[in-house]
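Notes for the one structure printed next.
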Amino acid sequence: MNKRFLLFLLTALLLLVGTALAACGDDDDDDGGGGGTDTTAADFDTLESGTLTVGSDIPYAPFEFGDPPEYKGFDVELVNAIADNLGLEVKFVKTPFDVIFRNLAQGGKFDMVASSTTITPEREKVVAFSDPYFVADQSLMIKKGSDIKTVDDVAGKIVGAQLGTTGAAFAKDETDAGEVRTYDLVDDAFKALQTGQVEAVINDCPISKYAERSKPDLEVVAKIPTGENYGFAFEKGNDALIEAVNGALDEVKQDGTYDEIFEKWVGSDPCESIVESE
Amino acid sequence: MDIFFEQYFDFDVMRENFSDVLDAFWTTIQLALISGVLALLLGLILALLRAAPGRRMLPVRGLAIAYIDLFRGVPLLLVVLLISGSFPFLDFLPEWLRAPDMLGKPDIFWYGVLSIALTYGAYYAEVYRAGLEAVPLGQSEAAHSLGMSHTVALRHVIVPQAIRKVIPPMLNDFIALMKDTSLVQVIGVVEVVKAGREVQAETFNSSALTLAAVLFVLVTIPLARIVDRQISRQQMLTQRGVL
């Protein structure tokens, strides 16, 4: 074989492999005609009939984390329970948090977002929310040995948070922090706290509290009572699905499944004993 | 299609966040200039070490080659993460180096500068090498026969010619460097792309990213044109038969 023929073969092979990968990578979702078969649900559509496609920023322990396809966590199990109630399969789509609402609003990517998302007026301008399913507060986390005890103490200091979260918004708007550094993953913020690049992290209390287990040098030192409500997010106008999910959520709360999931992942309120800081 | 224009060309969003994005672009420029100068210096040193003649210099050449291979082989993003993640724990480094808080810029800025300079130094070393090798052997022979030592010949004859030859690839690498500064956002530096993303996260609109792209292009295109002109002027002066 001469050199030119070899080169031609190689190019052809690469093109072939490339096309094959592209073809079997994306399953084209056609418009779902999937309806709920349950008693309380109105007729609703999902992107893929029979499946609830859920966008989530994984990992965010203990609400959504683990390895695909069997993710773990509070949100994951609650979504599974709701989908079960509606007679749907669940498919999780990992999405970075800073674009999750934008992607949802554009449509076509997922039916719903379950990602410890707080219901806020700004977000309600672009997406619609289900009924609240969890009450969380923000929290102030520091590295052990720091003399920061309350939110006032972060004045002039460097605070870390995750990009696009209510924690980041709180740090920017409601504290006198010298600088607010946002990270793509909340774990990056925790890491920065450990290396001393930021002096505090403002993040949802249950998540920060859970992180203490794997990062014993970090400590949640104050609770910031924002009384935020998590809600599942939907494309605006998708009322039928929202209604169905709200109905299922209600049933799941009433039949004890919710309490089981809560007990398993959150337990007795881990943030209850923490000092409140205005 | 409407959604595309709404998402990426919303001029109100661009206007409201213009000063934030511009401030961050200034950070990008500072990162690029400081790292670029350091990389140029490091690259020259590496290239000269790599070309050091004689058997005694074999370990020096070997180390230079190893360094160049390593930093051309590891992605810049990894270098950024490794340096910023490990430096605070390297006890043998003096405090000012471990968490450098200099000239009003925080430690993460300097980790970024270091990562970019170390990586692009390796790329520049290879560019210099090509330049050095392109200088005709007759030049160094003539220099030696005039009694110049190796170092003097390098300084006055070889290196100036080498540098002139490699200005276009140098510039290409600098433009690449300038774009790569966006990687340091992962350790918290707010350069222009990160600023665009923060606006995106808060407004659910991506127009600030478009703005960032425009700013980049506004700088890189004139840069490319200026050097194109420099090259053709130089060619006119030094080469016969080129108009």
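Listed values, structure above:
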read-out	value
Matching helices (runs of 4 or more DSSP H) fully within the range B:101-202 where at least 3 residues are modelled with pLDDT of 90 or more	B:107-134, B:137-145, B:167-180
Selection count, the range A:97-111, where residues are touching a strand residue (DSSP E or B) at 6+ places or on another chain (Cβ under 8 Å) and either within 7 Å of another protein chain (Cβ to nearest Cβ) or part of a helix (DSSP H, G or I) (or both)	6
Any hit, the range A:45-53, residues being assigned to a loop (DSSP other than H, G, I, E, B), among the β-branched types (Val, Ile, Thr) and over 16 Å from the mean Cα position of the chain (by Cα)	yes
Identity of the residue in the range B:73-88, away from chain A (no Cβ under 14 Å) and not in a loop (DSSP other than H, G, I, E, B), that ends up nearest to B:Arg129 (Cα to Cα)	B:Gly73
Condition broken by B:Asn205, with the remaining ones in (1) within 14 Å of chain A (Cβ to nearest Cβ); (2) in contact with a Phe, Trp or Tyr (Cβ under 7 Å, 6 or more places away or on another chain) satisfied	(2)
Any hit, the range A:155-167, residues being basic (Lys, Arg) and in the same structural domain as A:Asp57 (by TED's automatic domain parsing)	no
Which listed residue, of B:Arg61, B:Arg50, is surrounded by fewer than 17 Cβ atoms within 10 Å (Cβ to Cβ) and in contact with a Lys or Arg (Cβ under 6 Å, 6 or more places away or on another chain)	B:Arg61
Filter result for the condition that a residue is surrounded by 24 or more Cβ atoms within 10 Å (Cβ to Cβ) and away from every other protein chain (no Cβ under 14 Å), over A:Asp75, A:Asp84	A:Asp75
Qualifying residue in the range A:56-79 (condition: over 16 Å from the mean Cα position of the chain (by Cα) and under 20 Å from A:Asp131 (Cβ atoms))	no
Single match in B:Ser140, B:Ser149 (criterion: more than 14 Å from chain A (Cβ to nearest Cβ), exposed (fewer than 13 other Cβ atoms within 10 Å of the Cβ) and of a type in the set (Gly, Ala, Ser))	B:Ser149
Any hit, the range B:144-155, residues being of a type in the set (Val, Ile, Thr) and farther than 30 Å from B:Lys179 by Cβ	yes
Single residue of A:Lys223, A:Lys209 found to be more than 13 Å from chain B (Cβ to nearest Cβ), touching a residue at least 60 places away in the same chain (Cβ under 8 Å) and in a helix (DSSP H, G or I)	A:Lys209
Residue in the range B:79-99 that is charged (D, E, K, R) and touching a residue at least 12 places away in the same chain (Cβ under 8 Å) present	no
Members of the range A:112-123 that are assigned to a loop (DSSP other than H, G, I, E, B), away from chain B (no Cβ under 14 Å) and buried (at least 21 other Cβ atoms within 10 Å of the Cβ)	A:Ala114, A:Ser116
Hits in the range B:168-202 (condition: within 14 Å of chain A (Cβ to nearest Cβ), over 15 Å from A:Pro96 (Cα atoms) and of a type in the set (D, E, K, R))	B:Glu191
Lone unmet requirement of (1) within 14 Å of chain A (Cβ to nearest Cβ); (2) within 21 Å of B:Ala176 (Cα to Cα) for B:Pro106	(2)
Filtered residues of the range B:157-216 (kept if aliphatic (A, V, I, L, M), surrounded by 19 or more Cβ atoms within 10 Å (Cβ to Cβ) and closer than 23 Å to A:Val198 by Cα)	B:Leu183, B:Val184, B:Ile187, B:Val189, B:Val190, B:Val192, B:Val193, B:Ala195, B:Val199, B:Ala201
Where A:Phe92 falls short, out of the listed (1) within 14 Å of chain B (Cβ to nearest Cβ); (2) under 20 Å from A:Tyr133 (Cα atoms)	(1)
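The values are calculated or read from the model by the stated rules, or taken from the named source; none is laboratory data. In this text the structure is predicted, and so the values were computed from the model without any measurement. Methodologically, a virtual Cβ is constructed for each residue, glycine included, from the backbone with ideal geometry; neighbour enumeration extends over all protein chains shown.
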